[in-house]
Amino acid sequence: MDMDDALQTFMAEGHELLEDMENALLSIESDPDNEDTINAIFRAAHTIKGSAGLFGLNYLVTFTHVVESVLDRVRAREVAISTDLVALLLSSCDHLTDLMDWVARGEDDVSDSLARKSLGIEENLKVFLDTPVAGAGEQVSADSSAAEDGHSADVDADEPPVAEPALTEKDLWHISLRFGPDVLRHGMDPVSFIRYLATLGTIHHIETLLDAIPDAGNMDPETCYTGFEISLHSTQSKEAIEGVFEFVSEESQIHILAPDCLQEEYIRLIKALPEEDMKLGEILVRCGTLTHRELESALQQQQSSGNSLQPIGEMLVEKNVVNSEVVNAAVRKQKTVKEARPPEASLIRVDADKLDNLINLVGELIIAGAGTNILALRSGQSDLIESTETLSRLVEEVRDSALNLRMVQIGSTFNRFQRVVRDVSQELGKDIRLTINGGDTELDKTVVEKIADPLTHLVRNSMDHGIEAEEVRLAAGKPAHGSLMLNAYHDAGSIVIEVSDDGGGIHKDRILSKAIEKGLISENSAAAMTDKDIFNLVFEPGFSTADQVSNLSGRGVGMDVVRRNIESLRGTVEMDSQDGQGTMARIRLPLTLAIIDGFLVGVNQSAYVIPLDMVVECVEYGAWKESDNSHCLNLRGEVLPYIRLSEYFETQNPGHSSERESVVVVRFGDSKVGLVVDRLMGEFQTVIKPLGKLFNGVGGISGFTILGSGDVVLILDIPSLINDAGTLLYQTDRQAMTA
């Protein structure tokens, strides 16, 4: 993998980590004591910082380091989760996204606006870094008092200061020093190291070891014979304490044992480590109980002794470098990760363009297969027909498998609205809670990507216009908090997405008066409108019932765009409401925009494709015909509006007459309509191709396909035909009433 590919992988994984981090932040506010969630947030920031460092993205590393530092204090329970902190961390997520986008653009320098935003967020984050730790005040006061009394923190060369023991030995670091014999010859003063050690904390006990001093006659004044056993109270890490003795570490024996109170912290950190396959030594280093120098020394000793079979953990415990309980916790972590690790190569990343190309090739394969079937039938050869039928079955399985590759769950799109609801509810001053159902419902990736914006409009409108203020809700006997729900499910080959709230509902009289005022409808037509028609007026361009314009809505722009965007996906949207109870926007979308099963019908010399999932049944037209003047059939007691496709598309042929017309009953949602055709031509796999811009306004058509014979066939837009059938029936009834 070259650097460009690696950077692209980092960008993709970085955005996924930021999305996970945002979701975790939204959930932690309601469950601030959830350690798993806190650790997940920290790991996301830590991973982004580490990966950015590999590519030399110092600006990203610097900002993420501040975020990580605050999260580290949250993990240590030194900073409490609060609304302000969550809001600031969410802003940090947004800014990290902006920085990632800057990296993607390949620009050399960060813009001034990004730099200023980084500084502003960092300053706010540092407030939490400067927050004193609970219980630290007494230590500060004690240190201040000592300074006022004239006692310096420095250690006297002859007698290092020893504080009065205020803590038990279990709460102290234990440092065992055996300086090398040549320390003095190299110009090092052992006492200076102890003096520097005192700057990292408070020395509670020190014992000088003189057992290595020889008789006076054999003593070399340039040789160091002394050692020390030290008890230290410090909040520094083991790595920092070991760094005090960096210049003498090669020739001296240094053992640093953490206090018992930290052993539990190390065990907690081990449990919180990411589920990665790590060696035992790496786990101990990452949790802080072991330093890199100690690990390297133990590995060298293991190799030099020739006893490579002795576990490294056992060796560290024997040398009194690591507590046995911490080693056992690390071993358990290793075992857990190995047991939970999924099979290798179970998931791979595939470029979306490659999937699109695969779908296009499968579509061409379907067309070619249809042509082969036609030739086989014409030949009359039974072996060839059987072979092509087998080929068709395999092509169908390839089609289903290819489409499944593009199917994704809508839950990730729904989860984004946790953030939207949180931010907008705070802006509006309302307590609104979001409920998500059907997040595991799958549909085409292209549909998921394009439905996000329309859903955002609907969610914002529900929060702004639908859900009332707290005092209004309480006066109406409702809970103080409003409820918003996103729901998805499959229905008749389509996916249905519902955005509902428990607000005040849509007031029909107000809708009608506004529509008449804006000239969208006349007073005469208003009297005959159904509730559904009235509610759907909110999707008309420029329509708004808001008394004043806000940052969210009220300008009459948005809902018409919602309908237009949904219709561009071959879908429909409609409103349903109950006064005082709430409102629901219901969106119906096709599962995929690429390939469908179709039902081929003939009208005069033309052929059309009906989406098979919408076909209910086929009946003979003459058997259910009620009268020549009516645009409806009496189908087993059910009134069924119908459209004669030859009249609808104006393709009547005066010299043509069908011996046996049929009615194809289709359903979309709760509505049914009959389509009168001349011929029923059977099921047909359809590759949907979009119409050109010149034909986008043609009603009743959603696209076209190509038959195996090379003929072009139009695909019917059933939702549009059902709507037109209702309009035609209404006009016929009005004419009959006035006649």
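Residues L71, L512, ranked from the fewest to the most other C-beta atoms within 10 Å, line up as L512, L71. Net charge in the neighbourhood of Y648 (other residues with Cβ under 13 Å of its Cβ; Lys, Arg +1, Asp, Glu -1) is -3. Which of L60, L18, N39 sits farthest toward the positive end of the charge dipole of region 14-72, with +1 on the Cβ of Lys and Arg and -1 on the Cβ of Asp and Glu? Looking along the dipole axis, the top candidate is L60. Backbone phi angles across region 193-208, fed through the Karplus curve with coefficients 6.51, -1.76 and 1.60 (θ = phi - 60°), yield HN-Hα couplings of 5, 5, 4, 5, 4, 5, 6, 8, x, 10, 7, 8, 7, 9, 10, 8 Hz in residue order; Gly and Pro are listed as x.
Tell me, in nm to one decimal, what length is gained between L405 and T62 on full extension, where the rule is 0.36 nm per residue of separation less the Cα-Cα distance?
Working: separation 343, 0.36 × 343 = 123.48 nm, distance 3.85 nm.
Once the chain is fully extended between L405 and T62, it gains 119.6 nm.
Summing +1 for each Lys or Arg and -1 for each Asp or Glu among the other residues whose beta-carbon sits under 14 angstrom from that of P214 gives -4. Only the Cβ atoms of Lys and Arg (+1) and of Asp and Glu (-1) were treated as charged; on that basis the dipole of region 410-590 about its Cα centre amounts to roughly 340 debye. Only the Cβ atoms of Lys and Arg (+1) and of Asp and Glu (-1) were treated as charged; on that basis the dipole of region 3-129 about its Cα centre amounts to roughly 420 debye. Could you tell me the center-to-center distance, by alpha carbons, between region 477-491 and region 58-87 in angstrom? After rounding, the separation between the Cα centres reads 33 Å. If the chain linking E239 and A368 were pulled fully straight, counting 0.36 nm for each residue of separation and taking away their Cα-Cα distance, it would gain 39.6 nm. For T289, no residue has an amide H sitting under 5 Å from its own, ignoring neighbours fewer than 5 places away on the same chain, with H placed 1.01 Å from N.
Most exposed first by the Cβ proxy, i.e. fewest other Cβ within 10 Å, how do R679, R510 rank? List each step's numbers first, then the result.
Details: R679 16, R510 10.
Listing R679, R510 from fewest to most nearby Cβ atoms yields R510, R679.
With both labels modelled 7 Å from their Cα along Cα-to-Cβ, the E389 to A12 distance reads 4.3 nm.
Once backbone amide H atoms are built at 1.01 Å from N, K430 has no partners under 5 Å, excluding neighbours fewer than 5 places away on the same chain. On the basis of the beta-carbon distance and an R0 of 56 Å, S382 and Q300 show a calculated FRET efficiency of 0.10. Ordered by the number of other Cβ atoms lying within 10 Å of each residue's own Cβ, fewest first, C618, C632 fall into the sequence C618, C632.
In this structure, A480 and R349 have a Cβ-Cβ separation that, at R0 = 51 Å, corresponds to a calculated FRET efficiency of about 0.65.
All of the numbers you see were taken from the coordinates with simple rules; none came from a lab. None of the values given here were measured: they were computed from a predicted structure. All Cβ positions, even for glycine, are placed from backbone atoms using ideal geometry, and neighbour counts span all protein chains on display.
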